[in-house]
Each structure stands twice: as C-alpha cells, then as structure tokens.
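The values are calculated or read from the model by the stated rules, or taken from the named source; none is laboratory data. Fair warning: this is a prediction, and the values are worked out from it, not measured in the lab. Glycine gets a Cβ as well: all are built from the backbone with ideal geometry, and neighbour counts include every protein chain shown.
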Amino acid sequence: MLRVEGVSVRLKSMEILKDVTFELREGDLIALLGPNGSGKSTILRTLFGLLKPVNGVVYLDGKTVHGMKIQDVAKILGYLPQENSETNLRVIDVVLLGRTPYVGLTPSNKDLKIALEALELVGLKDFENRYFSELSGGEKQKVMLARIFCQQTDFLLLDEPTSHLDIRSQVEVMNIVKRMVDEGKAAIIAIHDINLAASFCNRILMVKNGRIAYAGKSSEVINPESIRDVFGVEVDVVRYNGRALVVPKDVMG
Amino acid sequence: MTRATGTTPKNYAILGLLIIVGLASIILSVSVGSSDINFWDVVKTIFGDENATLKSIVDFRLRRTILAVIVGAALTTAGCAMQSLFRNPLADPYILGVSSGASVGAALVILLGFASSLNIITAAFFSAIITVYLVYQLGKTSTYSLLLAGVAMATFLSGITSLLIYLAGKDMHQVVFWIMGGFWTASWLKVKIVLLPVFVGIVIVVYNSWKLNAILLGEEHAASVGVDVNRLKRIIITFAALLTASAVSVSGVIGFVGLIIPHAMRLVVGEDNRILLPTAILFSAAFMPLVDVVARTAVSGELPVGIITALLGAPFFIYLLRRGKTIDASG
C-alpha cells in the first residue's frame, strides 16, 4: 500500500503542495484531475521520491519512500514522467531500460524475455527492432507502458499518459493500464480528460492550488460546482450509463 | 531475429573488422614516413627483430602512433559520454572548458620559462581539471546552466590565452603550436603517463554505458528506471574530464575527433552506448594513426594534427550526414 500523509512540498518559498493525504491500494485506479500548474505532476514526483516534502511522509509498504535508494523505489513504483522522449534507440532497448533496477552491466536473456512479453502485452509484438523515434505518439506511449511493465512494480504513477494522443490511442492506453490494475497493481494517473477519467478510474482526486479539493467516486465528485471551483469553467454534467460526463456550457455561436 | 541490439551478429562483425583495420592502420602508420619501411619488416621489428637502424625508426614512429591511439581513444570516449549525458549532438570533450583550461596552464608555463615537457603536462592537466571543477560548481543546478557555464568559462579562458600569446613575444610560436595539438613531442614517458588514467576513464565510462542509455530518454525517465542521475552525472563528468585532460596535457588541443568519431559510429551502429562506445574507440584507433601519418608526411617538417582532423574530419562527417539517416543524439 502507498500512503501519503499530510505531505507539503515547497519550491523556493512557494508551497506547491499543501497537506496532501490519500491512499493507493491494490486494485485502485485513481485519476488526478486539475488545471495546469495545480500540482498533479508535483504529487507524482513527490510520491516517487524526486521531491522531498517539508512536512508529511510517503509510506511505501510501511517504509518511507524518501529514505529508500532510487533503484529500490523503481522496483516498487513504476513512474512515467510527462517529459517527452526522443531517442533513436530501438524499441526493444527502450523497453529493456525498464529492467535497469535489476541489471548490473547489461540486461540478460531473462530480461530480454520479460521485455518481449511486455511488448506483446501492449500490442506491439514485432516492434522490437523498430526505432523509437519512428513510432507514432500512441505507439511511443505504449512502448513506455511496456517499459514500466518490465519494472514489475506494484504501483503505477503515470503523468498524463494520454495527452496528445488520438481517441483510439487514449482508449488503448487506458485499457492497458486498466488491465494491469485488474491483474493486481494499483495506478494513479494525472489526466486532463475528465470524461476519460470518469470512464476508467474508480476514484477521482481533484487538485486545486496544491491541495486536494475533492476526493471520491466520479459520480460523487464530478459536478458543475466542483468543476467551476477547480477549473473555473461552467459545464453541464450529464449521466450516461452511470458515468458522469462533462459538457462545456460557454460555447459561442 | 529478436535480440537486444547491443549483441547482434552484425555488431560483432563490425567490432572484429574495426580491430583488424585498427591494427593494420597502426602498422601502416609506422611503415610510412621519410624513409618507408616494408609492412612486414615493421611487424618483425615490433616482435623482436634486432636490426638497429630499423629498430630506432620503428621505435620513433611507434611511440607517436601509440600516443595518437591513446589520445584518440580518450577523446572519443569523452565525446560519446558527453553527447549522451547532455543529449546534445554538439557536445564534445571540451564542452566543459577542459581545452581552454589546459591552454592557459600550458601557455603560462611556457611564458614563465619553465617549458619542460613534464611541467607543461602537469600544468595543462591540473588547470584543465580545476576548470571543469569550477564549471561544475557554477552550473550543477541543471544541464543548461552546466553547458552555459562551460561556454562562459571557455570564452573567458580563451581571452586569457590570447592575452598570454600576445605577451609571449618570441615564445609565441611554442604556445600556438602547443594549442594546435600534435604528436611530434611524443615520448614513451608521455605514453606511460597517460596510459593508466585513460584506461581507468574508459573502463568507468564503458561500465556505465547502460545507464547512459537511460539518460538518452531524458533525465526524468532515467530517474524513473532507478538511475541516480546526479550521481551518474558526477561520475561521467569526472572521468570524461580525466580522459580529456590526460589527452590534452600530452598532445595539445586536438579538435573534432571527440565530436565527429562518436557521430560517425552512431550513424553505423546506432545510439546504444554498449556498442557505440567500443566501436567508436576502435574506429579512433584506426583513424588517429592515419592522421598522424599525414601530419608527418604532408609537408616538409610537421603539420599540427588539429589542422588535419579538422580538414579531414569535417568533410567526412558531412558525407556521412548526407547519406546517413540521422545524427541527432537527442531528437
């Protein structure tokens, strides 16, 4: 279990996270919603140990993340940064990088087998010798998910894995994540598309100015008032098959 | 065919070919000169034939060639490491100010009249290391500030070097020649001095080649697969500085080798540092002796190697660029 307790993070004199508390358990698929700059990425980076809280603790299976070596954290937390990767490495070598926490000098044949299975799992069988730079945005993101799968972690921390993707790739990526969660992992995803979040995630955390402003099931949390409060925009919320769907109001014309 | 690209048969073939070409190039370099020696006589002499005249010529050329190989390997390794670390195709071994630092040290020693071979080596080496240390301290907060600190420091120190050259008077020639770089002052002592630091530097960089691959995805991605990025940066910068400072202190500032050879091999074997580093090092071992031959034989007297690496290297590089897929180290 990943437990975040009263975490505050300061960057220079600005407090960019304030008293953030939540838990991530097996089977959880949590969406982090919030406007740009609200602190979604900061939360994920802090969970992974890259930012140190000034207050509060991140517990990982009872230990504190910030006392662990990054190599050991990477065996339990699979973190996908938002930063775009451009490299001319081959796909298989990118996926194999997920084995880094476990390899010394260079990956073994066992690592190679794991990497090939991971590629198959994300639907990119036979892509191993392609160059990463030649792939489409959706394919790149799936390669990255295969890379994380190779890390064999219990938790996934994904920073906007669906941004800049077409709707088919968005759904494919979310389905891969959903399947990983159904098979016993837990995931927390920073995401902009509220409807996508409501469709796939079983819990929503809405972040405003570094605080968690709303938390709960999508049907409880997503309503015109919370969206206005967090995003500052007027929307209608309609129900469709039990999901909350957001439709913008201020459409001109 | 599903293998990690580092270990494909094609790459083993390229490695094998480069070893053969490298050895041939070393022997060729020893056999060509003001008096040509038969290729096989060179081999026989190296392996113990006792013809005194031959032995002294071979000995003279061999120490130059060996020094050229070591210096080339050092610059190539440092260049590969810097390009991967900074994900910048323009990065080279001198990007953190090693060459300008070494030049100031060497120029000072020459100008003050202490210009023994050992003094120049010592002054150049330590001023180079101090320069990199200062650049690192100034710019360690981010990759950008590190690169900018390197550029600023290099500009400042080149100014000092120019001033020293201006003040040098009759010693001007010696300073300028040293900066241009070459192997005409090669000695077995120099070979002995640089062998160990260069060997250690290469081993450490090659040992970290998998982690350097992770850096190619971006620093945040490298961290996400468990690489301690700041630690890796410190290690790579330290040993790249050791390699470059060692090379420069015995041969002056030889340009383009550390920039172009890694790129040339990247076009052939790809970006994977596990195969890129060894092939690039071997390629430099084949390339540098040939450059030194040109340096010794192109004009009566001696041409600085830095001029030849620029004149040969740049067009060769442009040729590769035009026929190759892409050279972008970062995208």
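Which one of these does A:LYS69 not meet: (1) more than 8 Å from chain B (Cβ to nearest Cβ); (2) surrounded by fewer than 16 Cβ atoms within 10 Å (Cβ to Cβ)?
So the condition that A:LYS69 fails would be (1).
For the condition within 14 Å of another protein chain (Cβ to nearest Cβ), at negative phi, part of a helix (DSSP H, G or I) and touching a residue at least 40 places away in the same chain (Cβ under 8 Å), what is the one hit in B:VAL206, B:VAL200? Lay out the reasoning, then the answer.
Working: B:VAL200 fails: within 14 Å of another protein chain (Cβ to nearest Cβ).
Being within 14 Å of another protein chain (Cβ to nearest Cβ), at negative phi, part of a helix (DSSP H, G or I) and touching a residue at least 40 places away in the same chain (Cβ under 8 Å) holds for just one of B:VAL206, B:VAL200, which is B:VAL206.
In this structure, is A:LYS113 over 19 Å from A:VAL9 (Cα atoms), in a helix (DSSP H, G or I), more than 9 Å from chain B (Cβ to nearest Cβ) and within 18 Å of the chain's Cα centre (by Cα)?
Details: over 19 Å from A:VAL9 (Cα atoms): yes; in a helix (DSSP H, G or I): yes; more than 9 Å from chain B (Cβ to nearest Cβ): yes; within 18 Å of the chain's Cα centre (by Cα): no.
Here the answer is no, as A:LYS113 does not meet what is asked.
Out of all the residues in segment B:87-120, which are assigned to a helix (DSSP H, G or I), surrounded by fewer than 23 Cβ atoms within 10 Å (Cβ to Cβ) and out of contact with any Asp or Glu (no Cβ under 7 Å at 6 or more places or on another chain)?
B:LEU108, B:VAL109, B:SER117, B:LEU118, B:ASN119
Just the residues that are surrounded by fewer than 24 Cβ atoms within 10 Å (Cβ to Cβ) and either more than 9 Å from chain B (Cβ to nearest Cβ) or of a type in the set (Phe, Trp, Tyr) (or both), please, taken from segment A:84-108.
A:TYR102, A:SER108
If you scan segment A:8-40, which residues turn out to be buried (at least 22 other Cβ atoms within 10 Å of the Cβ) and out of contact with any Lys or Arg (no Cβ under 9 Å at 6 or more places or on another chain)?
A:LYS40
Condition (residue is in contact with a strand residue (DSSP E or B) (Cβ under 9 Å, 6 or more places away or on another chain), at pLDDT below 80, in a helix (DSSP H, G or I) and not aromatic (Phe, Trp, Tyr)) applied to segment B:5-23: is it met by at least one residue? Before you say what the answer is, go through the steps one by one.
Looking only at segment B:5-23, we keep the residues that are in contact with a strand residue (DSSP E or B) (Cβ under 9 Å, 6 or more places away or on another chain), and these are B:5.
Subset that is at pLDDT below 80: B:5.
After this cut, where a residue has to be in a helix (DSSP H, G or I) as well, the list is B:5.
From what's left, not aromatic (Phe, Trp, Tyr): B:5.
Scanning segment B:5-23 turns up at least one residue that is in contact with a strand residue (DSSP E or B) (Cβ under 9 Å, 6 or more places away or on another chain), at pLDDT below 80, in a helix (DSSP H, G or I) and not aromatic (Phe, Trp, Tyr).
Given the options B:ALA124, B:ALA91, name the one that is within 18 Å of the chain's Cα centre (by Cα), in contact (Cβ under 8 Å) with a residue 12 or more places away in the chain and more than 24 Å from B:LEU277 (Cα to Cα).
Values: B:ALA91 fails: more than 24 Å from B:LEU277 (Cα to Cα).
Exactly one of B:ALA124, B:ALA91 is within 18 Å of the chain's Cα centre (by Cα), in contact (Cβ under 8 Å) with a residue 12 or more places away in the chain and more than 24 Å from B:LEU277 (Cα to Cα), namely B:ALA124.
Could you go through segment A:146-153 and let me know if any residue there is of a type in the set (Ser, Thr, Tyr), in a loop (DSSP other than H, G, I, E, B) and under 23 Å from B:LEU216 (Cβ atoms). Outline the logic, then answer.
Applying the first criterion (of a type in the set (Ser, Thr, Tyr)) to segment A:146-153 yields A:153.
Still in the running and in a loop (DSSP other than H, G, I, E, B): A:153.
Imposing the further condition that a residue be under 23 Å from B:LEU216 (Cβ atoms) reduces the set to A:153.
Within segment A:146-153, one or more residues are of a type in the set (Ser, Thr, Tyr), in a loop (DSSP other than H, G, I, E, B) and under 23 Å from B:LEU216 (Cβ atoms).
Take the residues in segment A:131-164 that are out of contact with any Asp or Glu (no Cβ under 9 Å at 6 or more places or on another chain) and among the acidic types (Asp, Glu); name whichever of them is farthest from B:GLU220 (Cα to Cα).
Going through the qualifying residues, I end up with A:GLU134.
What's the total number of residues in segment A:69-101 that are part of a loop (DSSP other than H, G, I, E, B), modelled with pLDDT of 95 or more and aliphatic (A, V, I, L, M)?
2
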